[in-house]
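Student: Below is a structure I'd like to ask you about.
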Amino acid sequence: MPSIESLLAFGIASLALLVIPGPAVLYIINRSVADGRNVALSAVAGLEIGNFMHVIAATVGLSAVIATSAAAFSAVKWIGAGYLIYIGIRTLATKPQAVNQLNDPMSRRRAFTQGIVVNTFNPKVALFFLSFLPQFIDADRGSAALQSLVLGSTFVVLGCISDSLFAILASALRGTLLRGKSLPFVQRYVAGSVFIALGAIASTTRR
């Protein structure tokens, strides 16, 4: 099992990633604006299943290999840290996509299904699990697969809470979101800075 310190640190890093308006958050906001709270919450349920797909992938093999191989750990650490910083710089340099009110009405079932697809193929989540989660696997604390499962499940629980809050708030603030300019600022400058910070933290992690 991961230590309390590792769980806390991983939880903080997870929240930093989850609040960044990436594909999942933008999908929730669009569904909230177009179809309301109930459809958006159905989308959230699908998104969390998509997140758990990444947990399963990490649990099956990646974390176990990295936890038992110093060379693999070092390679993933530096590649992952460098890629996080690269994503941060690219985010700072890219103009974010605007949030638009979608015209096609969507059922809860369709929103749920689309949510699974959105997060299963969400590069932001894949990047996080490939480059950041393995840094918290400690070979001296038992099964690497179990640690990966616990950490990944923590991410899913936090994602469920944060995404649900996004859905509730966005559905209550439809007009404001369509007129406001704060979301693009967060998408670009706050998100870019957070990715760079995560990359810097990952580069200093020891096995």
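Student: With ALA98, ALA111 as the choices, which residue is modelled with pLDDT under 85 and not basic (Lys, Arg)? First the steps, then the outcome.
Tutor: Working: ALA111 fails: modelled with pLDDT under 85.
It is ALA98.
Student: Where the second residue is β-branched (Val, Ile, Thr) and buried (at least 19 other Cβ atoms within 10 Å of the Cβ) and the first is closer than 12 Å to GLN114 by Cβ and lies in segment 27-40, which pairs have Cβ atoms under 8 Å and are six or more apart or on separate chains?
Tutor: TYR27/VAL118; ILE28/VAL44; ASN30/VAL99; ARG31/VAL39; ALA40/ILE28
Student: Under 6 Å between Cβ atoms, at least 6 apart or on separate chains: pull out the pairs that start in segment 141-162 with a residue that is within 18 Å of ALA126 (Cα to Cα) and touching a residue at least 60 places away in the same chain (Cβ under 8 Å) and end on any residue that is in a helix (DSSP H, G or I) and of a type in the set (Ser, Thr, Tyr).
Tutor: These pairs meet every condition: ALA145/THR59; SER148/THR59; SER148/SER63; LEU149/THR59; PHE155/SER14; LEU158/SER14.
Student: Hey, any hits in segment 170-191 for a residue that's modelled with pLDDT of 75 or more, surrounded by fewer than 17 Cβ atoms within 10 Å (Cβ to Cβ) and hydrophobic (A, V, I, L, M, F, W, C)?
Tutor: Yes.
So that you can scan it fast, the table gives a plain yes or no per residue for (1) surrounded by 16 or more Cβ atoms within 10 Å (Cβ to Cβ); (2) within 12 Å of the chain's Cα centre (by Cα); (3) not in a helix (DSSP H, G or I):
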| residue | (1), (2), (3) |
| --- | --- |
| VAL117 | no, no, no |
| LYS124 | yes, yes, no |
| LEU130 | yes, yes, no |
| ASP140 | no, no, no |
| LEU151 | yes, no, no |
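The values are calculated or read from the model by the stated rules, or taken from the named source; none is laboratory data. Quick caveat, the model's predicted, so the values are computed rather than measured. So basically every Cβ, Gly included, is an ideal-geometry build from the backbone, and we count neighbours across all protein chains shown.
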